[in-house]
Every structure is written in C-alpha cells, then in structure tokens.
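Novice: Sharing a structure here in structure tokens format.
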Amino acid sequence: MSRETELERRNHEFLAHYDPELLSELAEVEDRDTEALRLVPARKEGLTLARGPRFVHSKYNPRREAEGLIAKADAPPQRLHLHFGFGLGHLLAADRPLEGGTQIVFEPDPEMIRCALKHLDLSEVLTPHGAKICCTLARFRQLLGLGLTRSRQFRVLANPYHLQTFPEAFSAFRTELRAELEDRKVKEITLVKTYPAVMESSLGSLSHTLSLPGADCMMGRLRGVPAVVLAAGPSLDGNLGLLVPNRDRVAIFALSRVVMALDRWCVRPDFLVHTEAKDYRNLIEDAHNLDRTTFLLSDQCHPGFFEGPGRHRLVYQNENNLVTDWMVSRFPELRKFRADSGGSVATEAFCLAFYMGCNPIILAGQDLALRSGRTYVGSELNRKFAYDDRHGREVPGFFGHPAQTLIHYTTFIHWYREAVRFYVGQDPDRVFINATEGGAELEGFRAMKLRDALSRYATREVDVARIVDRAVRGAVPTMNKSKVVAHARAQMAELEPVRKLFSEFRVFAEDAETDLEALDHQRLLAVDALETRIERINWYCQAFLRTLGDATLLSGFCHGAVRSLDQVGRTVMQRPGSADIHRYLADLREEFEVLKSAYADAERALDKLTALLARFVGDMGAKN
C-alpha cells in the first residue's frame with residue numbers, strides 16, 4: 001500500500017468522525033469536466049497544484065504567497081473567516097482567526113478536495129481552528145448560518161486562482177453571504193420591533209394555549225389528502241373561483257387575510273391558521289364561512305382569536321417563544337407540536353400541512369413579490385403596507401422573468417428553499433407545487449397553474465371536518481392547574497430583586513447626573529472626581545445584562561435595550577489623558593443616557609410583565 005493510499009485512508013477515517021457531511025457531499029457531486037490536476041513540487045518550498053499551464057498556488061513558494069495574501073487582506077482578523085477556494089490548503093493553514101474563532105471554506109471544484117485527501121493530512125489543517133470545507137452552496141449556507149450565529153464579524157479570503165477560474169461560483173458565494181446577512185438583519189430588526197408584542201400576546205393567551213388540545217392530534221391524519229395553502233398575495237384574486245368545484249376534494253389552509261375573499265365565493269376553509277400577536281379580528285368578524293373551520297392557533301396568537309366562530313381550536317407552539325419555553329421547561333407534558341416557522345403565517349401553514357401528511361401541498365397566493373404595487377389579495381379589504389423603495393430586491397420570478405420583491409420577503413423565499421430540501425429528505429415521495437401563477441420563483445417547488453394542479457390531484461372527495469372531529473375527541477390536554485399557577489407566582493416573586501435593582505439605579509442615576517453637571521467646568525479634575533461613579537456605571541451596565549440573562553421572560557420585552565448596551569462600558573473603562581477630557585466626558589454622558597434609557601424601558605417592561613402574570617393567575621383560577 002503506497003503512502004498516498006494510506007494517507008487517503010486516514011483522511012477518510014478522520015472525516016468520518018470530524019465532518020461526515022463533507023464525505024457525503026463528495027459522494028454526491030461530480031468532478032468538473034476539466035484537465036486533471038497535477039501535484040508539483042514548488043521551486044522554493046512545499047507542494048503546489050497545476051492544471052494545464054496554470055498553477056493553483058504559487059509555483060515558487062505557496063506558503064509565502066498565502067502569508068502575503070493574508071497580510072494584504074482588507075479586513076482585520078475576526079472570529080469567523082470565510083475562504084473561497086481550498087486547493088492544497090495553503091491559505092487556510094496560514095490563516096489565523098481570533099482566539100476561539102473558526103474557518104469555513106467553499107471549494108467550488110470537488111476534484112481539489114479529492115486531491116487533498118490523497119496528498120494532505122487534513123487533520124493538521126482543519127483541526128487548529130475547527131475549519132469546515134464544503135463544495136456545494138447548500139452546505140455553505142448551512143455552515144454560514146452556524147458561523148454567523150457564533151460571530152457577527154467575519155473576514156473573507158480568496159485564492160486568486162479561484163477568483164479567475166470560477167467567477168460565477170464566487171458570485172454565488174457572495175450572493176449567499178449577502179442573503180444570509182440580509183436575513184439576519186431583517187430578523188434582528190423584527191425581533192426588536194415586534195417581540196415585546198409577541199411576549200404580551202403570548203402571556204395574555206397562555207391560559208388558553210395551555211388548556212386547549214394541541215395540533216399534535218392531527219399529525220399524520222391527512223396522509224395523502226391534497227392540501228391548498230392560501231397565502232394572501234395579490235395573485236390570489238384571479239384564482240379563488242377555481243376552489244368552488246373542488247371544495248370537498250382538498251384540505252384548505254387559509255390565513256385570516258384570505259377569509260373574506262373566500263367568503264365572497266362561499267368557500268369554507270378547513271383550517272384557519274393564525275399566529276399574529278396583533279388584534280386582527282376585524283379580518284374575520286363579518287365572515288359567514290367559518291362554522292366548520294378548525295382554528296390552528298399559535299402560542300403567540302392574540303387572545304381575541306381564542307373566542308368566536310369556528311368548530312375547533314387547536315394550538316401549536318413556536319420554537320422561539322420564551323413564554324412557552326418558560327412553562328414547558330418546568331412542565332414537559334405541556335409541550336405541543338412545534339411548527340418550523342419561517343416568520344410568516346403562510347410558512348407555518350405550510351409546515352402544518354406537511355406534518356399532517358398532506359400530499360401534494362399546493363401553494364396559492366404566495367407571491368412574495370409586488371404586483372403593480374399591491375401586496376395583498378382583496379386590496380379593498382387588506383390595505384397594502386408601506387415600504388421603503390431602498391428595500392426592493394430583484395429575484396427570479398414564477399414565469400422565468402425577474403420579479404420585484406422586498407428584503408423581508410427574501411427571508412421567506414430562502415426559508416421555503418431550505419424547508420423543502422429538509423422535507424424531501426424526510427419524505428422523498430412528497431410533492432410540493434407552487435400554483436401562485438405570479439410573484440417569486442420558489443426553489444424546490446413544481447410550478448403549475450392552480451387549475452392544472454387541482455385537475456390532476458383533486459380527484460376524490462374527502463371529509464376533512466369528520467377527520468378532525470375524530471382526532472380532537474381523543475385529544476385531552478393534561479395540566480396540573482395548581483402547579484402551573486404556583487410556577488407563575490414563583491416567577492413573580494423572583495422578579496422582586498430585579499425591581500429593587502431598578503429602584504437603586506434610579507437613585508444612583510440622579511446622583512451621578514448631579515456630579516456630571518457639577519464637574520462640567522472642572523474637566524481636568526473630572527476623571528479623578530468621578531472615578532467611583534464611573535466604576536458604578538460599568539457595574540450597573542453589567543448588572544443589567546446579567547439580570548436580563550437570568551430573567552428570561554423580562555428579557556423578551558427588552559431586546560432593544562440589550563442591543564443598545566452593546567457599546568456601553570467601552571468609554572468608561574478607558575482612562576483618557578488631559579487633552580482628551582472633553583471628548584471623554586461627552587462620550588461618557590452619551591453612554592450614561594443610553595444606560596438610563598435601557599433601565600427605564602426595562603422597568604416599564606417589568607411592570608407590564610408583573611401585571612400579565614397576575615392576570616394569568618386570575619384567568620387560571622376562573623377556569624373550571
């Protein structure tokens with residue numbers, strides 16, 4: 001057995017434990033139709049690669065070349081380093097992320113990875129910084145998502161040969177990176193803006209979501225039943241009439257914004273899926289088609305949706321609901337079906353249809369794009385939302401032409417792509433159809449007209465209401481009400497020290513503000529005179545972050561405050577020279593104002609949280 005064969009065997013054994021996904025990638029992808037790679041001794045030091053007359057690395061000294069590329073890089077070292085091109089790993093081996101950092105390598109040519117398996121000890125190159133290599137964009141997305149979760153800051157390094165040889169692959173590399181960053185930006189902004197309302201709604205509905213049956217009872221019950229998921233895009237206006245003759249041959253999953261449009265056609269949805277924390281009862285209050293509809297309500301749904309019309313109400317939970325997690329961590333028996341939410345009601349409806357066993361799943365009205373400036377079906381009922389033209393994006397469209405969309409819609413487009421890939425892995429026979437007939441293209445879906453999809457798959461009648469009735473009869477939630485109430489009371493008691501901290505800070509803030517004003521004309525003495533105050537400002541900043549880290553429910557109301565404190569504490573820990581006193585005091589005042597605002601916001605949130613917990617205790621006592 002030659003040395004190369006033995007090394008290749010050891011590399012396979014190493015990757016089988018370290019990164020088996022890379023071996024799976026290599027087994028599935030084919031080499032490019034190009035000239036074979038040649039391993040060539042470099043003139044000065046080490047080995048290099050050549051393909052035809054061109055060298056992948058320097059033919060003189062590839063290690064020195066790699067060090068020079070890193071020294072010339074635009075960005076300083078970060079905790080996450082992204083590499084375009086691997087070759088023989090010279091650039092990766094010379095790269096040094098910050099302590100605790102990692103590296104992700106996208107190699108568009110799998111033949112180079114196979115060559116490295118034969119000639120390079122991968123354990124020596126990959127393990128120092130936990131590097132991962134991939135050769136498909138799907139895997140790159142997955143690794144990128146994990147990497148950016150651990151570190152927001154990153155550095156990109158690229159092999160010059162790869163930039164010249166694979167420009168389209170580099171463009172795709174950059175596109176995926178840009179898309180992931182935009183997705184995260186949208187989610188972060190959404191978290192700060194909307195999560196306090198989600199927390200309030202989740203606590204306000206908690207007595208309902210704990211007491212009602214879970215959507216678990218319907219999982220697998222509609223196996224083989226065609227489902228039509230009706231999103232609220234503007235293209236739906238032209239297709240609703242097609243549902244009339246097919247009403248009893250499919251399971252219809254509708255959103256609240258679609259109900260009145262369906263009512264005009266006298267079409268009754270089997271399921272109404274709702275997850276909004278805002279009170280949108282006005283969207284359904286005049287409807288006459290919900291008498292046999294089962295409401296599928298999330299744990300963050302507005303309390304008002306737990307009353308009113310409908311045949312049954314079933315609850316599902318979201319993976320990232322802090323209120324649910326707080327309760328389920330103490331009482332695991334209260335866990336219900338967890339929807340893989342993409343951040344919209346339509347994606348949750350799609351997920352529910354999949355796990356109920358529906359096949360095929362037909363999307364209609366899922367434009368995820370603008371249609372003559374319109375954003376919703378039934379524009380006289382659903383007013384379009386305001387958007388900034390700077391947030392516009394161009395994406396591939398349903399008909400093959402570019403479609404105009406918005407930055408937050410792209411996050412849903414990406415979600416569908418990853419969800420379908422995951423669902424096909426679970427059930428290769430499942431069929432997914434995009435029958436929107438407009439808007440954005442959805443990767444992984446068959447594009448069909450709704451008329452054709454219904455003609456092909458809606459071939460026999462099915463009594464969905466009867467199936468639901470049978471499932472619900474056996475779904476009796478188990479809950480020890482007295483223990484749940486005691487858990488809520490204990491949480492209220494645990495918040496009292498937090499209230500004491502906030503009260504103490506108010507007193508401190510008044511004194512510190514007085515000192516800052518008194519020293520405004522004595523700047524040369526300011527740092528010495530304020531030394532104790534400065535230390536306490538930093539202490540209160542850290543105490544705030546620690547407190548919210550421990551008080552999970554309160555933190556849900558305070559994402560904006562936590563985000564604002566990212567920079568606080570940096571100025572107060574830097575002692576300036578006399579020439580810098582003016583700038584230092586100005587920065588100190590600015591940071592102190594941010595800290596005061598964060599404490600004030602958190603104190604108001606604490607009052608709201610306490611009132612909501614007290615109301616929950618009262619609601620539970622009122623239930624039979």
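The values are calculated or read from the model by the stated rules, or taken from the named source; none is laboratory data. Values in this document were obtained by computation on a predicted structure and should not be read as measured data. Glycine gets a Cβ as well: all are built from the backbone with ideal geometry, and neighbour counts include every protein chain shown. Side chains included, ligands, DNA and RNA excluded: accessible areas come from the protein's heavy atoms. Shrake-Rupley method; radii C 1.70, N 1.55, O 1.52, S 1.80 Å.
Novice: Could you report segment 29-174's accessible area per residue, 1.4 Å probe, as an integer in Å²?
Specialist: 48 Å²
Novice: Using the Cβ atoms and a cut-off under 9 Å, what net charge is assigned to the surroundings of Ala339, where Lys and Arg are +1 and Asp and Glu are -1?
Specialist: My count for the surroundings of Ala339 gives -2.
Novice: Based on Cα positions only, what radius of gyration and what Dmax would you give for segment 1-138, in angstroms?
Specialist: Gyration radius and largest Cα-Cα distance of segment 1-138: 14.8, 45 Å.
Novice: Among Gly224, Asn246, His208, flag the residue with its Cα farthest along the positive direction of the charge dipole of segment 184-254, charges on Cβ as +1 for Lys/Arg and -1 for Asp/Glu.
Specialist: Gly224
Novice: For segment 22-97, compute Rh as the Kirkwood radius over C-alpha pairs and then the Stokes-Einstein diffusion coefficient at 37 °C and 0.692 mPa s; write the answer in µm²/s, rounded to an integer.
Specialist: This corresponds to a translational diffusion coefficient of 233 µm²/s.
Novice: Working from the alpha-carbon coordinates of segment 251-345, get Rg over Rh, Rh being the Kirkwood radius.
Specialist: Ratio value, two decimals: 1.00.
Novice: Sticking with this one: Please work out the average accessible area per residue across segment 386-468, using the 1.4 Å probe convention, and give it in Å².
Specialist: 55 Å²
Novice: Going by average Cβ neighbours within 10 Å, how do the peptides 288-297, 201-210, 588-597 rank, with the highest at the top? All intermediate terms of the calculation are to be shown ahead of the outcome.
Specialist: Values: 288-297: 20.1, 201-210: 23.9, 588-597: 17.9.
So the peptides 288-297, 201-210, 588-597, ranked by packing, come out 201-210, 288-297, 588-597.
Novice: Along its principal axes, what span do the Cα atoms of segment 117-187 show, with the longest given first and each in whole Å?
Specialist: Taking max minus min along each principal axis of the Cα atoms, segment 117-187 gives 43, 29, 20 Å.
Novice: Going Cα to Cα from Lys185, which lysines come in below 24 Å? Please leave out same-chain ones fewer than 8 positions away.
Specialist: Within reach: Lys193, Lys278, Lys384.
Novice: Express the carbon and sulfur contribution to the solvent-accessible surface of the chain as a percent, rounded to the nearest whole number, probe 1.4 angstrom. Could you put the intermediate results ahead of the total?
Specialist: On the way: 14660 of 29700 Å².
Carbon with sulfur: 49 percent of the solvent-accessible area.
Novice: Calculate one ³J(HN,Hα) per residue across segment 141-146 by plugging θ = phi - 60° into the Karplus curve 6.51 cos²θ - 1.76 cosθ + 1.60, and present them in order as whole Hz with x for glycine and proline.
Specialist: Each residue's phi maps through the Karplus curve to give 4, 4, 5, 5, x, 5 Hz.
Novice: Return the percentage of antiparallel bridges among DSSP beta bridges fully within the chain, rounded to the nearest 5 %.
Specialist: Numbers: 14 of 55 bridges.
Restricted to the chain, the bridges split so that about 25 percent are antiparallel.
Novice: At a probe radius of 1.4 Å, what is the per-residue accessible area of Arg583, in Å² to the nearest 10?
Specialist: Counting only protein heavy atoms, the figure is 140 Å².
Novice: Excluding residues on the same chain fewer than 8 positions from Lys500, give the lysines whose Cα lies under 21 Å from its Cα.
Specialist: Here the lysines satisfying the reach criterion relative to Lys500 are Lys596, Lys608.
Novice: Could you state how much accessible area Glu510 has, in square angstrom rounded to the nearest 10, with a 1.4 Å probe and all protein chains kept in place?
Specialist: 120 Å²
Novice: Right, another one. Let me cross-check Glu494: its accessible surface, 1.4 Å probe, with only protein heavy atoms counted, in Å² to the nearest 10?
Specialist: Solvent-accessible area, nearest 10 Å²: 120 Å².
Novice: Using modelled amide H (1.01 Å from N, peptide plane; none on Pro or chain starts), what sits under 5 Å from the amide H of Thr102, excluding residues fewer than 5 places away?
Specialist: Here the answer is Leu80, His81, since their amide H atoms fall under 5 Å of that of Thr102.
Novice: Return one whole number: the accessible area per residue of segment 207-344 in Å², for a 1.4 Å probe. List each step's numbers first, then the result.
Specialist: Numbers: 4930 Å² over 138 residues.
Per residue, segment 207-344 has 36 Å² of solvent-accessible surface.
Novice: Name the long-range amide H neighbours of Gly397: under 5 Å, sequence gap of 5 or more, or other chain; modelled H, no Pro or chain starts.
Specialist: Under 5 Å from the amide H of Gly397: Ala403, Glu441.
Novice: Determine the sum of side-chain charges near Phe154: Lys and Arg each +1, Asp and Glu each -1, restricted to other residues whose C-beta is under 11 angstrom from that of Phe154. Walk me through the intermediate numbers first.
Specialist: Details: positive: Arg79, Arg150, Arg152, Arg155; negative: Glu180.
Net charge around Phe154: +3.
Novice: Note down the magnitude of the dipole of segment 226-334 about its Cα centre, charges +1 on Lys and Arg C-beta and -1 on Asp and Glu C-beta and zero elsewhere, to the nearest 20 debye.
Specialist: So the magnitude is around 280 debye.
Novice: Which lysines have a Cα less than 19 Å from the Cα of Lys449, not counting those fewer than 8 places away in the same chain?
Specialist: Those lysines meeting the cut-off do not exist here.
Novice: What residues have an amide H closer than 5 Å to that of Arg338, excluding those fewer than 5 places away on the same chain, when H is modeled at 1.01 Å from N in the peptide plane?
Specialist: Residues meeting the criterion, in which the H sits 1.01 Å from N, are Gln317.
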